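Here's the structure, in structure tokens; my notes come after.
Readers should treat all values here as calculations from the given coordinates under stated rules, not as data from a laboratory. Keep in mind the model is a prediction, meaning the values are calculated, not measured. Cβ: placed from backbone, ideal geometry, glycine included. Neighbour counts: every protein chain shown.
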Amino acid sequence: MTLRLIFVRHGLSSFNKEGRIQGRNDLSTLTKQGQSQAEAAGKAISSIPIDAVYSSPLQRASETTKIIIKQHKCDLQATYTDELLEVDLGPWSGLTKNEIKKHFPEELAVWQKEPKDLTISRDDGTKFQPIKDLLFQAEFFLKSLFNEHLNCNRTILIVAHNAILRCLILKLIGEPSNGFRRLRLDNTSISMCNVTFNNWEDRQVQIQCLNNISHLNPKIPNRGEKKRILLVRHGETDWNKQGRFQGQIDIPLNENGKSQAKAASDFLKNMNIQKAFSSSLSRPKETAEIILTEHPGIEILLKENLKEIGHGKWEGKLETEIISEWPDMLKTWQNSPEKVQMPEGENIKEVSDRSITGWDEICKDLKNDETALVVAHDAVNKTILCHLLGLMPSDIWKIKQGNGGINVIDLSDEEGQPDQITCLNITSHLGGIIDSTAAGAL
């Protein structure tokens, strides 16, 4: 059975605006801006049929939920559950970051390095680990959700808070190392995961998008002073549309692919881009050229190590043709891609190794406050994003990459800290929150 899980963080709250830690207390309320954000989020998902709604009972989340349901114009009643409460930060709640730095300097250092290791003391002297407890809470909620919707194909809306939503997503994808710091979720951001499951242990998860705020202004989260990379998949080709394995055969964009690149260009026109890189194949290069029409004068540097996976003898073939000659290999590729050596082609580890090498070269080439455009391919982008999420190359099916889809990565300026996936697979500029681009063959 398959569940589409739509995760929405609450709108801007009074404590968000004041820069205060909220935690589990219920003193923070939605601001007028937060109410407007919730209305915009509701409109963004209003065309998606929703079968059930779950929400945190804290008022900043519950009010967001009520506004979204009103915008959706449905008769659904939300289920308010303590399993979606925000992280319990004990004595930190209500304090500003400067106050925490003053009163809890050692604990703050742990929080900034690895939140999962943080231990906090309550007023009565008892100690607890907020993020470890929250991960347990997230798993309990998801297991309960799976049991409640067993044998159903449904779309579920979940409205809650920054930390608990990150923990829910991390639990779904297997809780990668230092995962909490790898994700960003802004106020009223929309994230989606598709989950096919028989039970909790037997599940396949695909992240369709993360931290989509295209319904707000600005449409992409602010960067600060960090290095930023806009990682884009090329636009559609005829072979994408037909479902043929392209690999390293140099198939150009079709007219829809050019339109997708133009839509990406319009979406990114207000971004300040200084550098551009592309796979050496023509479909990403042309996509980059179209995007950069709004950023004239930027040279595109071509990188061989960002070329698509070499499918070998599969290239140019439809899945039906591959089934007739390599049925077992295709099935293994679809379930355990790390076990497949493409006939006269590559394996996914080889693709991952060269893609990450190319990625690291680009990262080193950037200066402090620069933004780069990088345009590549389905498998290449997926291996890079798996690497950034702390996943293995074998996890590529956990990531969705639509033609013309946009990912935003903010590079860490702290040694030993992971880079942050600020947005993943944003395709709203192509006609909606749900990725409806060609399924392709990969």
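Tell me, what is the Rg over Rh of the stretch 1-115, with Rh the Kirkwood radius over Cα pairs?
1.05
State which entries of Lys241/Lys339; Lys113/Lys307; Lys303/Lys400 exceed 32 angstrom in Cα-Cα distance in the structure shown.
Violating the 32 Å Cα-Cα cut-off are Lys113/Lys307.
To the nearest 20 debye, what charge dipole does the stretch 228-430 have about its Cα centre, counting +1 at the Cβ of each Lys and Arg and -1 at the Cβ of each Asp and Glu?
It comes to approximately 420 debye.
Round to a whole angstrom and tell me the spacing of the C-alpha centers of the stretch 126-194 and the stretch 267-302.
For the stretch 126-194 versus the stretch 267-302, the Cα centre distance is 35 Å.
Just how far, in whole angstrom, is the stretch 1-45 from the stretch 379-405 if you go by their alpha carbon centroids?
For the stretch 379-405 versus the stretch 1-45, the Cα centre distance is 28 Å.
Go ahead and run the numbers for FRET between Lys132 and Gln112, Cβ-Cβ distance against an R0 of 22 Å, rounding to 0.05.
0.85
Given R₀ = 22 Å, FRET efficiency for Arg223-Thr293 by Cβ-Cβ distance, to 0.05?
0.50
Per DSSP H run of at least 4 residues, take -39500 (n - 2.57); add these up for the chain, divide by its residues and hand me the 222 nm value, nearest 500 deg cm²/dmol.
-10500 deg cm²/dmol
Hey, which of these cross-link pairs are over 23 Å Cα-Cα: Lys97/Lys226; Lys17/Lys132; Lys269/Lys367?
Listed pairs above 23 Å: Lys17/Lys132.
Defining a contact as two alpha carbons under 8 Å apart and six or more residues distant in sequence, what relative contact order in percent does the chain show?
The value is 18 percent.
Under the rule a/c < 1.5 gives rounded, and otherwise a/b versus b/c splits prolate from oblate, where does the stretch 294-352 land using the Cα gyration tensor?
Since a/c reaches 1.5 and a/b is larger than b/c, the shape of the stretch 294-352 is classed as prolate.
Rg to Rh for the stretch 228-430: what is it, with Cα atoms only and Rh by Kirkwood?
We get a ratio of 0.96 for the stretch 228-430.
Please build a GNM for the chain, connecting alpha carbons under 10 Å apart, and tell me which residue among Thr287, Thr422, Thr31 fluctuates the most.
Evaluated over the chain, the most mobile residue of the options is Thr31.
At 7 Å along Cα-to-Cβ for each site, give me the label-to-label distance between Ser280 and Glu338 in nm.
Computed distance between label sites Ser280 and Glu338 equals 2.9 nm.
Would you kindly give the portion of the calculated P(r) for the stretch 47-205 that falls above 26 Å, as a percent of all Cα pairs?
Roughly 33 percent, rounded to a whole number.
What spacing in nm lies between the two simple spin-label points modelled at Lys269 and Cys363, each 7 Å away from Cα in the Cβ direction?
Roughly 3.3 nm, to one decimal.
Rounded to the nearest 0.05, what FRET efficiency do Arg122 and Ser436 give with R0 = 45 Å and r taken as the Cβ-Cβ distance? Could you check?
Working from the Cβ atoms, E equals 0.40.
Each label point is 7 Å from the Cα along the Cα-to-Cβ direction; what then is the distance between the points at Gln417 and Leu318, in nm?
The modelled label-to-label distance comes out at 5.1 nm.
Inverting the mean 1/r over all pairs of different Cα atoms, compute the Kirkwood radius of the stretch 4-45 and quote it in Å.
After inverting the mean inverse Cα-Cα distance, the result is 11.1 Å.
Would you kindly state how much longer the chain becomes between Asp202 and Lys331 on full extension, computed as 0.36 nm times their sequence separation minus their alpha carbon distance, in nm to one decimal?
44.7 nm
If we sort 297-303, 132-138 on the protection proxy, mean other Cβ atoms within 10 Å, highest first, what's the order?
In descending order of packing, they fall as 132-138, 297-303.
As I understand it, the dipole of the stretch 47-106 uses +1 on the Cβ of Lys and Arg and -1 on the Cβ of Asp and Glu, about the Cα centre. Which of Pro57, Pro91, His103 lies farthest toward its positive end?
His103
Would you mind classifying the stretch 26-70 by shape? Square roots of the alpha carbon gyration tensor eigenvalues, ordered a ≥ b ≥ c; an a/c under 1.5 is rounded, otherwise it is prolate if a/b is larger than b/c and oblate if not.
oblate
Any aspartates and glutamates with Cα under 19 Å of the Lys349 Cα? List them, leaving off those in the same chain fewer than 8 positions away.
Glu304, Glu308, Glu315, Glu338, Asp360, Glu361, Asp378, Asp395
Can you report the principal axis dimensions of the stretch 131-278 using only the alpha carbons, biggest first, rounded to whole angstrom?
If we take the Cα atoms of the stretch 131-278, the spans are 46, 41, 28 Å.
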